[in-house]
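Novice: I'd like to ask you about the structure that follows.
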Amino acid sequence: MKKVLIVTFSEDNECIDMVSDAIKSKGGEVIRFDTDLYPSEYSLSLQYINGKWSNILNTKDSSYGLDDLEAVWYRRLRIGDSMKGQMEKKYLGPSLEESKRTFLGMLNSLDVFHFDSYLKIRHAEIKQLQLKVAENLGLKIPKTLITNNAGDVREFNKQCVDGLITKMQSSFAIYEGEDEHVVFTNVLSDEDLKNLDDIQSCPMQFQEKIEKKLELRVTVIGDKIFSAAIDSQKSELSKDDWRKQGLELINDWEEYALPDDIQEKLLKFMDYFKVNYGAADFILTPDDELYFLESNPAGEFFWLERTNPHFPLSDAIANVLLGKAKRRF
C-alpha cells in the first residue's frame with residue numbers, strides 16, 4: 001500500500017478530507033501531520049545509526065515510520081500554533097525555532113516525491129519573480145510597482161490612465177478582538193493617494209487597473225490544466241476582487257477554454273519553478289486579452305470542486321501523489 005504524508009494543520013479546510021478520500025479510494029494510505037500540534041502533542045524523532053537514517057512521527061493516536069513513503073503533499077505549515085499562550089515568550093521563540101528546524105530538516109531530507117518541495121514553493125511564491133518570468137514567457141502582465149515610497153506611487157499613478165489597484169504580496173488578515181479583516185484587492189481613490197505615508201512601514205504592490213470581462217482561476221496539477229471563469233463585474237461588491245463576494249458567487253464559476261498558447265506558456269512557467277501545482281489568476285479584458293496576475297503555489301481549490309463537477313481536482317491530486325498520473329518534477 002502506497003503511503004502519502006500530508007503536511008497540514010488541524011483547522012485546515014475540507015480539501016484535506018477530499019484528497020484523503022480520493023487517495024484511499026485508489027488503495028493508498030494517508031498519514032496526516034497536523035503541524036500546529038507539533039511539538040505540544042506530536043513528537044518527531046530523526047535518527048542516524050549504523051549508516052541509516054530513520055524518521056518516526058508519534059501522534060496522539062499512533063506511531064508512523066516515514067521512511068517508506070510514496071509521496072509528501074506539502075499543504076500548510078503552522079508549527080507550534082497550539083503552544084501560543086502556554087509558554088513564556090522568552091522560551092516560546094527558541095522552542096518554535098528549534099521545532100521548525102527539526103521538522104523542515106525531516107521534510108526536506110525525505111527522498112520521495114514532493115507535491116511540492118517546501119523550498120521550491122518558497123521560491124515560487126516570490127511575486128516580483130513570478131511577473132518577470134511570466135512576461136519573459138510572453139504572458140501579458142499589468143504595469144506594476146512594489147514600494148514603500150509614497151512619492152513613487154503618485155508618480156506611478158500618472159502612468160496608469162485608468163487608475164491603480166493595490167494588494168499585498170502575501171495573504172493575511174488583521175484581527176481586532178473576534179473580528180477578522182481580510183486584505184483584498186482595492187482601487188485607490190484620489191483621497192487614498194493623498195494619504196499614503198503609512199506605507200513607509202509596510203511595502204505594498206500597486207498595479208494599473210485593468211478593465212475586466214471575466215476573472216479566471218487556472219489550476220495546474222501535474223500536466224493537467226483546469227480553467228474556470230467568473231463574471232465578477234455583475235456585482236458592485238465583487239468588481240475589484242471576486243473574493244469580496246466569494247460565497248455569493250461560488251456557484252457561478254464555469255469552465256473556460258483557455259487558449260492553447262496560454263496553456264503552453266503557463267506550463268513553461270511551472271517548469272521554471274519546477275513545481276507540480278499552481279493556482280494562477282488571470283483577467284480577461286473586454287477586448288479578450290488575458291493578463292497574468294499571479295500564481296499561488298499552494299493555492300486553494302476545494303471551493304471550486306465542491307460546487308462544480310467539471311473540476312475533479314482532488315482526484316487529479318491523488319493520482320499525482322500515488323504516481324498514477326504524470327509528475328512534472
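Just so you know, all these numbers are worked out from the coordinates, no wet-lab data involved. Everything quoted here is computed from the prediction, not taken from an experiment. Every residue, glycine as well, gets a Cβ built from its backbone with ideal geometry; the counts of neighbours run over all protein chains shown.
Novice: Would you work out which of ALA316, GLY27, ALA134 lies farthest towards the positive end of the dipole of the chain, given +1 charges on the beta-carbon of Lys and Arg and -1 on that of Asp and Glu, about the Cα centre?
Specialist: About the Cα centre, the residue reaching furthest to the positive side is GLY27.
Novice: Dipole magnitude of the chain about its Cα centre, charges +1 at Lys/Arg Cβ and -1 at Asp/Glu Cβ only, in debye to the nearest 20?
Specialist: Roughly 1340 debye, rounded to the nearest 20.
Novice: Under a cut-off of 18 Å between alpha-carbon atoms, report the lysines in cross-link reach of LYS24, not counting same-chain residues fewer than 8 places apart.
Specialist: Straight-distance partners of LYS24: LYS2, LYS3, LYS324.
Novice: Report for the range 3-115 the percent antiparallel among DSSP-assigned beta bridges with both residues inside it, nearest 5.
Specialist: Roughly 45 percent of the beta bridges in the range 3-115 run antiparallel, per DSSP.
Novice: If I model a spin label as a point 7 Å beyond the Cα along the Cα-Cβ vector, how far apart are those points for TYR272 and LYS89 in nm?
Specialist: Inter-label distance under the simple model: 4.1 nm.
Novice: To test your reading of the geometry: what angle, between 0 and 90 degrees and rounded to tens, separates the Cα axis of helix 260-273 from the longest principal axis of the chain?
Specialist: The two axes meet at around 50 degrees.
Novice: Okay, next question. Could you give me D for the range 248-329, from Stokes-Einstein at 20 °C and 1.002 mPa s, where the hydrodynamic radius is the Kirkwood radius over C-alpha pairs? Units µm² s⁻¹, please.
Specialist: For these conditions, the coefficient is 149 µm²/s.
Novice: Of ILE262, THR144, MET168, which is farthest towards the positive pole of the chain's charge dipole, taken about the Cα centre with +1 and -1 on the beta-carbons of Lys, Arg and Asp, Glu respectively?
Specialist: Among ILE262, THR144, MET168, the one farthest towards the positive end of the dipole of the chain is ILE262.
Novice: Divide the volume of the convex hull of the Cα atoms of the range 11-123 by its number of residues and quote the answer in cubic angstrom per residue. Don't skip to the end; give the middle numbers.
Specialist: Values: hull volume 14.9 nm³, N = 113.
Dividing the Cα hull volume of the range 11-123 by its residue count gives 132 Å³.
Novice: Sticking to Cα atoms, compute the Rg of the chain to one decimal and its Dmax as the biggest Cα-Cα distance, whole number, in Å.
Specialist: Rg then Dmax for the chain, in Å: 21.5, 69.
Novice: Now for a different question. So if each residue of separation counts as 0.36 nm, and I subtract the Cα-Cα distance between CYS202 and GLU41, what length gain in nm does that give?
Specialist: 54.4 nm
Novice: Rounded to the nearest 5, what % of the DSSP beta bridges within the chain are antiparallel ones?
Specialist: 75
Novice: Determine the relative contact order of the chain: mean sequence separation of Cα pairs under 8 Å and six or more apart, normalised by residue count, in whole percent.
Specialist: 18
Novice: Right, here's the next one. For the range 51-63, what does the Karplus curve 6.51 cos²θ - 1.76 cosθ + 1.60, with θ = phi - 60°, yield as ³J(HN,Hα) per residue in whole Hz, taken in order and with x for Gly and Pro?
Specialist: x, 9, 8, 9, 10, 10, 10, 10, 9, 5, 10, 7, 10
Novice: Considering only DSSP states other than H, G, I, E and B, which GluC sites (Glu not before Pro) in the range 68-126 qualify as loop sites with at most 11 other Cβ atoms within 10 Å? If you can, show how the numbers build up before the last one.
Specialist: On the way: sites: GLU70, GLU88, GLU97, GLU98, GLU125; in loops: GLU70, GLU88, GLU125.
Those satisfying the criteria are GLU88.
Novice: While we're here: Which one, SER227, SER62, SER99, has the greatest fluctuation when you compute a Gaussian network model over the chain with C-alpha springs under 10 angstrom?
Specialist: SER62
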